[in-house]
1. Just a yes or no: is a residue in segment 49-56 under 20 Å from SER131 (Cβ atoms), in contact with a helix residue (DSSP H, G or I) (Cβ under 9 Å, 6 or more places away or on another chain) and surrounded by fewer than 20 Cβ atoms within 10 Å (Cβ to Cβ)?
2. Scan segment 1-18 residue by residue and report those that are part of a loop (DSSP other than H, G, I, E, B) and more than 27 Å from GLN188 (Cα to Cα).
3. Of the residues that sit in segment 89-121 and are among the β-branched types (Val, Ile, Thr) and surrounded by 13 or more Cβ atoms within 10 Å (Cβ to Cβ), which one is modelled with the lowest pLDDT?
4. Among LEU27, LEU7, LEU37, LEU69, which is crowded, with 17+ Cβ neighbours inside 10 Å, among the hydrophobic types (A, V, I, L, M, F, W, C) and touching an Asp or Glu at 6+ places or on another chain (Cβ under 8 Å)?
5. Taking the condition of being touching a helix residue (DSSP H, G or I) at 6+ places or on another chain (Cβ under 8 Å), surrounded by fewer than 21 Cβ atoms within 10 Å (Cβ to Cβ) and either in a helix (DSSP H, G or I) or among the basic types (Lys, Arg) (or both), how many residues in segment 186-220 meet it?
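The values are calculated or read from the model by the stated rules, or taken from the named source; none is laboratory data. Since we're looking at a predicted model, the values are computed, not measured. A quick note on method: Cβ atoms are made from the backbone with ideal geometry, for glycine too, and the neighbour counts reach across all protein chains shown.
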Amino acid sequence: MIIVEDLHKRYKTEHGPGKWVLQGVNLTIPRNVNVGLIGANGAGKSTLLSIIGGIDHPNKGRVERRCRLSWPMGQGGLEPTLTGRQNAKFVCRVHGHQEDLADRLAFVLDFSELGEAFDEPVNTYSSGMRSRLQFALSLAFDFDTYISDEVTAAGDAAFRKKAAAAFQAMTNRAGLIMVAHDEGALKQFCQAGIFLYQAKALWFDDIGEAFKAYKDTMPT
(Lines give C-alpha, C1' and ligand atoms only; values in the text may rest on other atoms or scores of the structure.)
Protein backbone atom coordinates (compact mmCIF):
# COMPACT_ATOMS: atom_id res chain seq x y z
CA MET A 1 0.00 0.00 0.00
CA ILE A 2 1.12 3.55 -0.78
CA ILE A 3 -0.44 6.49 1.08
CA VAL A 4 -0.18 10.00 -0.39
CA GLU A 5 -1.22 12.65 2.13
CA ASP A 6 -1.83 16.37 1.47
CA LEU A 7 0.78 16.49 -1.28
CA HIS A 8 1.80 19.90 -2.65
CA LYS A 9 4.40 20.48 -5.35
CA ARG A 10 5.53 23.46 -7.37
CA TYR A 11 8.83 24.43 -8.94
CA LYS A 12 10.82 27.64 -8.76
CA THR A 13 10.99 29.81 -11.84
CA GLU A 14 13.15 32.80 -12.65
CA HIS A 15 10.24 34.93 -11.43
CA GLY A 16 9.79 33.06 -8.15
CA PRO A 17 7.61 30.11 -7.17
CA GLY A 18 5.62 28.67 -10.06
CA LYS A 19 2.01 27.56 -10.02
CA TRP A 20 1.05 24.45 -8.10
CA VAL A 21 1.56 21.27 -10.12
CA LEU A 22 -0.01 19.25 -7.31
CA GLN A 23 -2.07 20.78 -4.52
CA GLY A 24 -3.64 18.91 -1.63
CA VAL A 25 -3.42 15.48 -3.28
CA ASN A 26 -4.63 12.57 -1.14
CA LEU A 27 -4.52 8.99 -2.42
CA THR A 28 -4.32 5.43 -1.16
CA ILE A 29 -2.95 2.97 -3.71
CA PRO A 30 -3.65 -0.64 -2.67
CA ARG A 31 -1.17 -3.45 -3.18
CA ASN A 32 -1.42 -5.63 -6.29
CA VAL A 33 -3.42 -3.03 -8.21
CA ASN A 34 -2.27 -1.75 -11.59
CA VAL A 35 -3.07 1.94 -11.85
CA GLY A 36 -2.56 4.35 -14.74
CA LEU A 37 -1.92 8.08 -14.32
CA ILE A 38 -4.06 10.08 -16.75
CA GLY A 39 -4.12 13.77 -17.63
CA ALA A 40 -3.10 16.40 -20.15
CA ASN A 41 0.53 17.33 -20.77
CA GLY A 42 1.76 19.28 -17.75
CA ALA A 43 -0.96 17.91 -15.46
CA GLY A 44 1.64 16.47 -13.08
CA LYS A 45 1.67 12.77 -14.00
CA SER A 46 5.44 12.34 -14.10
CA THR A 47 5.83 14.66 -11.11
CA LEU A 48 3.48 12.54 -9.00
CA LEU A 49 5.21 9.34 -10.16
CA SER A 50 8.63 10.77 -9.28
CA ILE A 51 7.47 11.82 -5.81
CA ILE A 52 5.89 8.43 -5.16
CA GLY A 53 9.16 6.82 -6.24
CA GLY A 54 11.27 9.09 -4.05
CA ILE A 55 13.06 10.68 -7.00
CA ASP A 56 11.50 14.08 -6.30
CA HIS A 57 10.22 15.63 -3.07
CA PRO A 58 7.05 17.59 -2.29
CA ASN A 59 6.95 21.13 -0.92
CA LYS A 60 4.41 19.89 1.59
CA GLY A 61 2.80 16.58 2.51
CA ARG A 62 4.19 13.07 2.62
CA VAL A 63 4.25 9.67 0.94
CA GLU A 64 4.16 6.54 3.07
CA ARG A 65 5.39 3.45 1.23
CA ARG A 66 4.23 0.26 2.93
CA CYS A 67 5.77 -1.93 0.24
CA ARG A 68 8.95 -2.58 -1.68
CA LEU A 69 8.85 -0.05 -4.49
CA SER A 70 10.95 -0.16 -7.64
CA TRP A 71 12.83 2.77 -9.08
CA PRO A 72 11.24 4.25 -12.24
CA MET A 73 11.64 1.54 -14.88
CA GLY A 74 13.70 2.64 -17.84
CA GLN A 75 15.07 5.74 -16.11
CA GLY A 76 18.19 6.92 -14.28
CA GLY A 77 20.38 5.07 -11.84
CA LEU A 78 23.17 4.21 -14.29
CA GLU A 79 26.80 5.28 -14.03
CA PRO A 80 27.65 6.28 -17.62
CA THR A 81 31.38 5.51 -17.45
CA LEU A 82 30.77 1.90 -16.36
CA THR A 83 29.70 -0.89 -18.67
CA GLY A 84 26.21 -2.33 -18.63
CA ARG A 85 27.56 -5.42 -16.86
CA GLN A 86 29.37 -3.35 -14.22
CA ASN A 87 26.23 -1.32 -13.57
CA ALA A 88 24.20 -4.51 -13.23
CA LYS A 89 26.75 -6.00 -10.81
CA PHE A 90 26.65 -2.88 -8.66
CA VAL A 91 22.84 -2.84 -8.47
CA CYS A 92 22.74 -6.58 -7.66
CA ARG A 93 25.24 -6.16 -4.83
CA VAL A 94 23.40 -3.15 -3.41
CA HIS A 95 20.27 -5.29 -3.23
CA GLY A 96 22.13 -8.14 -1.53
CA HIS A 97 22.23 -10.61 -4.41
CA GLN A 98 25.87 -11.63 -4.34
CA GLU A 99 25.20 -15.38 -4.16
CA ASP A 100 23.01 -15.52 -7.27
CA LEU A 101 24.84 -12.72 -9.07
CA ALA A 102 25.60 -14.81 -12.17
CA ASP A 103 21.93 -15.73 -12.64
CA ARG A 104 20.81 -12.12 -12.25
CA LEU A 105 23.39 -10.89 -14.76
CA ALA A 106 22.36 -13.59 -17.23
CA PHE A 107 18.73 -12.47 -16.92
CA VAL A 108 19.61 -8.80 -17.46
CA LEU A 109 21.75 -9.62 -20.51
CA ASP A 110 19.08 -11.85 -22.03
CA PHE A 111 16.15 -9.53 -21.42
CA SER A 112 17.91 -6.32 -22.47
CA GLU A 113 19.13 -7.92 -25.71
CA LEU A 114 22.27 -5.77 -25.54
CA GLY A 115 24.62 -8.50 -26.75
CA GLU A 116 28.25 -7.39 -26.88
CA ALA A 117 27.23 -3.85 -25.89
CA PHE A 118 26.59 -5.19 -22.36
CA ASP A 119 30.38 -4.91 -21.90
CA GLU A 120 30.63 -1.40 -23.36
CA PRO A 121 30.32 1.87 -21.35
CA VAL A 122 26.77 3.06 -20.89
CA ASN A 123 27.70 6.50 -22.24
CA THR A 124 28.05 4.84 -25.68
CA TYR A 125 24.44 3.56 -25.56
CA SER A 126 21.48 5.03 -27.38
CA SER A 127 18.54 6.18 -25.25
CA GLY A 128 16.66 3.01 -26.20
CA MET A 129 19.55 0.78 -25.11
CA ARG A 130 19.76 2.57 -21.77
CA SER A 131 16.03 2.14 -21.21
CA ARG A 132 16.22 -1.55 -22.06
CA LEU A 133 19.06 -2.08 -19.59
CA GLN A 134 17.21 -0.22 -16.84
CA PHE A 135 14.00 -2.07 -17.59
CA ALA A 136 15.79 -5.42 -17.38
CA LEU A 137 17.45 -4.37 -14.11
CA SER A 138 14.06 -3.53 -12.62
CA LEU A 139 12.64 -6.93 -13.58
CA ALA A 140 15.65 -8.72 -12.11
CA PHE A 141 14.32 -7.97 -8.60
CA ASP A 142 11.05 -8.83 -6.91
CA PHE A 143 9.28 -5.62 -5.91
CA ASP A 144 5.76 -5.31 -4.51
CA THR A 145 5.03 -2.36 -6.80
CA TYR A 146 6.75 -1.28 -10.00
CA ILE A 147 6.64 2.26 -11.35
CA SER A 148 6.92 3.00 -15.05
CA ASP A 149 7.08 6.20 -17.10
CA GLU A 150 6.66 5.56 -20.83
CA VAL A 151 8.73 2.35 -20.74
CA THR A 152 6.56 0.68 -23.37
CA ALA A 153 7.96 3.21 -25.87
CA ALA A 154 11.52 1.88 -25.39
CA GLY A 155 13.22 -0.11 -28.12
CA ASP A 156 11.88 -1.58 -31.34
CA ALA A 157 8.54 -3.28 -31.89
CA ALA A 158 9.85 -6.69 -30.81
CA PHE A 159 11.18 -5.31 -27.52
CA ARG A 160 7.96 -3.38 -26.86
CA LYS A 161 6.07 -6.65 -27.29
CA LYS A 162 8.47 -8.31 -24.85
CA ALA A 163 8.00 -5.47 -22.35
CA ALA A 164 4.22 -5.80 -22.69
CA ALA A 165 4.42 -9.51 -21.88
CA ALA A 166 6.53 -8.70 -18.79
CA PHE A 167 3.90 -6.23 -17.59
CA GLN A 168 1.18 -8.82 -18.05
CA ALA A 169 3.20 -11.36 -16.05
CA MET A 170 3.47 -8.89 -13.15
CA THR A 171 -0.26 -8.78 -12.56
CA ASN A 172 -0.30 -11.99 -10.55
CA ARG A 173 2.47 -11.01 -8.15
CA ALA A 174 2.85 -7.22 -7.95
CA GLY A 175 1.25 -3.85 -8.55
CA LEU A 176 2.11 -1.30 -11.22
CA ILE A 177 1.87 2.50 -11.32
CA MET A 178 2.20 3.64 -14.90
CA VAL A 179 2.39 6.78 -17.01
CA ALA A 180 1.97 6.45 -20.78
CA HIS A 181 0.62 8.66 -23.54
CA ASP A 182 -0.85 5.61 -25.25
CA GLU A 183 -4.43 5.13 -24.00
CA GLY A 184 -4.40 1.58 -25.32
CA ALA A 185 -1.35 0.65 -23.26
CA LEU A 186 -2.86 2.04 -20.06
CA LYS A 187 -6.12 0.17 -20.64
CA GLN A 188 -4.18 -2.98 -21.47
CA PHE A 189 -2.10 -3.02 -18.29
CA CYS A 190 -4.12 -1.11 -15.69
CA GLN A 191 -7.43 -1.70 -13.94
CA ALA A 192 -7.65 1.55 -11.95
CA GLY A 193 -6.90 5.14 -12.90
CA ILE A 194 -5.76 8.39 -11.29
CA PHE A 195 -6.96 11.45 -13.20
CA LEU A 196 -4.87 14.59 -12.64
CA TYR A 197 -6.60 17.88 -13.34
CA GLN A 198 -6.03 21.43 -12.09
CA ALA A 199 -3.42 20.22 -9.55
CA LYS A 200 -5.83 17.69 -8.04
CA ALA A 201 -5.95 13.89 -8.32
CA LEU A 202 -9.09 11.77 -8.54
CA TRP A 203 -9.08 7.99 -8.02
CA PHE A 204 -11.21 5.69 -10.20
CA ASP A 205 -11.53 1.95 -9.61
CA ASP A 206 -12.17 1.55 -13.35
CA ILE A 207 -9.60 3.09 -15.70
CA GLY A 208 -12.30 3.49 -18.34
CA GLU A 209 -14.14 5.86 -16.01
CA ALA A 210 -10.91 7.81 -15.45
CA PHE A 211 -10.54 8.29 -19.20
CA LYS A 212 -14.17 9.38 -19.45
CA ALA A 213 -13.58 12.05 -16.79
CA TYR A 214 -10.44 13.19 -18.65
CA LYS A 215 -12.21 13.44 -21.98
CA ASP A 216 -15.09 15.37 -20.41
CA THR A 217 -12.62 18.16 -19.55
CA MET A 218 -11.24 18.41 -23.09
CA PRO A 219 -12.47 21.24 -25.33
CA THR A 220 -15.00 20.21 -27.92
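1. Yes: segment 49-56 contains one or more residues that are under 20 Å from SER131 (Cβ atoms), in contact with a helix residue (DSSP H, G or I) (Cβ under 9 Å, 6 or more places away or on another chain) and surrounded by fewer than 20 Cβ atoms within 10 Å (Cβ to Cβ).
2. Of the residues in segment 1-18, the ones part of a loop (DSSP other than H, G, I, E, B) are 1, 10-11, 14-15, 18.
Matches in segment 1-18: ARG10, TYR11, GLU14, HIS15, GLY18.
3. First pass over segment 89-121, keeping only residues among the β-branched types (Val, Ile, Thr): 91, 94, 108.
Subset that is surrounded by 13 or more Cβ atoms within 10 Å (Cβ to Cβ): 91, 108.
Working: VAL91: 86, VAL108: 92.
Only one residue tops the list, namely VAL91.
4. Values: LEU27 fails: touching an Asp or Glu at 6+ places or on another chain (Cβ under 8 Å); LEU7 fails: touching an Asp or Glu at 6+ places or on another chain (Cβ under 8 Å); LEU37 fails: touching an Asp or Glu at 6+ places or on another chain (Cβ under 8 Å).
Matching residue, one of LEU27, LEU7, LEU37, LEU69: LEU69.
5. The total comes to 4.
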